[in-house]
Amino acid sequence: MDERIKVLEEKMQKAYDFLNSELATIRAGRANPHVLDKIRVDYYGTPTPIQQVGNVTVPEPRILQIAPWEKNLIKEIEKAILASEVGITPSNDGSVIRLVFPELTEERRKDLVKDVKKKGEEGKVAIRNIRRDGNDSFKKLAKTEISEDEIKGLENDLQKLTDKFIKEIDKVVEEKSQDILKV
């Protein structure tokens, strides 16, 4: 595979991986530790991910439990969760924090599916932008370094790569949508 195509494939892979990490933070009615990924706790003046200041477990399908390694962090963790977009009020018993995920309403599920599809569309746009940038760089090369036939070959390879990633995005969006709609 041409080195230029490899570089573009890496960029597309990064865009795809970013979409996957975004979709992981959307809750689907079950407790998923990834909903906490973007939350930072003030740990001695340093914003730190929750997973690095305590143990996050899923004791029941709709409950997340956070056991901080230092008891004095309970208030900080609660404050960070309340300030986030998780939308769940934490409760604590002095040693662990519990997040109880309510059953999603039908309307909320449909909203989440719309959000998933929107993020999928943004992922596709990112992939297409990478394709466009690649094709532009190939056209610049046509003026000096390589023949028209080589350009066509590169463009075809890039299109196949784009199609592959678009198909992957469609698949992952469909799986996440099904997961959210499943009661």
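The values are calculated or read from the model by the stated rules, or taken from the named source; none is laboratory data. As the structure is a computational prediction, the values presented were derived from the model and not from experiment. So basically every Cβ, Gly included, is an ideal-geometry build from the backbone, and we count neighbours across all protein chains shown. Side chains included, ligands, DNA and RNA excluded: accessible areas come from the protein's heavy atoms. Shrake-Rupley method; radii C 1.70, N 1.55, O 1.52, S 1.80 Å.
Scan the range 6-32 for residues that are among the aliphatic types (A, V, I, L, M), crowded, with 17+ Cβ neighbours inside 10 Å and part of a helix (DSSP H, G or I) and jot them down. Reasoning before the result, please.
Residues of the range 6-32 that are among the aliphatic types (A, V, I, L, M), as a first pass: 7-8, 12, 15, 19, 23-24, 26, 28, 31.
Imposing the further condition that a residue be crowded, with 17+ Cβ neighbours inside 10 Å reduces the set to 8, 12, 15, 19, 23, 26, 28, 31.
Residues satisfying the conditions are L8, M12, A15, L19, L23.
To keep it simple, each residue is scored yes or no on (1) touching a helix residue (DSSP H, G or I) at 6+ places or on another chain (Cβ under 7 Å); (2) open to solvent by less than 30 Å² (accessible area, probe 1.4 Å).
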site: R131; (1), (2): yes, no
site: G134; (1), (2): yes, yes
site: K143; (1), (2): no, no
site: K152; (1), (2): no, no
site: L181; (1), (2): yes, no
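So how many residues does the range 26-75 have that are of a type in the set (D, E, K, R) and within 19 Å of the chain's Cα centre (by Cα)?
So the first thing to find is which residues in the range 26-75 are of a type in the set (D, E, K, R), and the list is 27, 30, 37-38, 40, 42, 60, 62, 70-71, 75.
Filter once more, so that each one left must be within 19 Å of the chain's Cα centre (by Cα): 27, 30, 37-38, 40.
So the count comes out to 5.
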Options D179, D149: the member that is in contact (Cβ under 8 Å) with a residue 24 or more places away in the chain, more than 14 Å from L8 (Cβ to Cβ) and among the acidic types (D, E): D179
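Of the residues V35, V41, only one is touching a residue at least 24 places away in the same chain (Cβ under 8 Å) and either within 14 Å of V100 (Cβ to Cβ) or loosely packed, with under 14 Cβ neighbours inside 10 Å (or both); which?
Working: V41 fails: either within 14 Å of V100 (Cβ to Cβ) or loosely packed, with under 14 Cβ neighbours inside 10 Å (or both).
Of the residues listed, the single one that is touching a residue at least 24 places away in the same chain (Cβ under 8 Å) and either within 14 Å of V100 (Cβ to Cβ) or loosely packed, with under 14 Cβ neighbours inside 10 Å (or both) is V35.
From the list E103, E76, E107, E122, which one is open to solvent by 20 Å² or more (accessible area, probe 1.4 Å), of a type in the set (D, E) and without any contact (Cβ under 8 Å) to a residue 24 or more places away in the chain? Even if it seems obvious, please write down each step before you answer.
Details: E103 fails: without any contact (Cβ under 8 Å) to a residue 24 or more places away in the chain; E76 fails: without any contact (Cβ under 8 Å) to a residue 24 or more places away in the chain; E122 fails: without any contact (Cβ under 8 Å) to a residue 24 or more places away in the chain.
One residue alone meets the criteria, E107.
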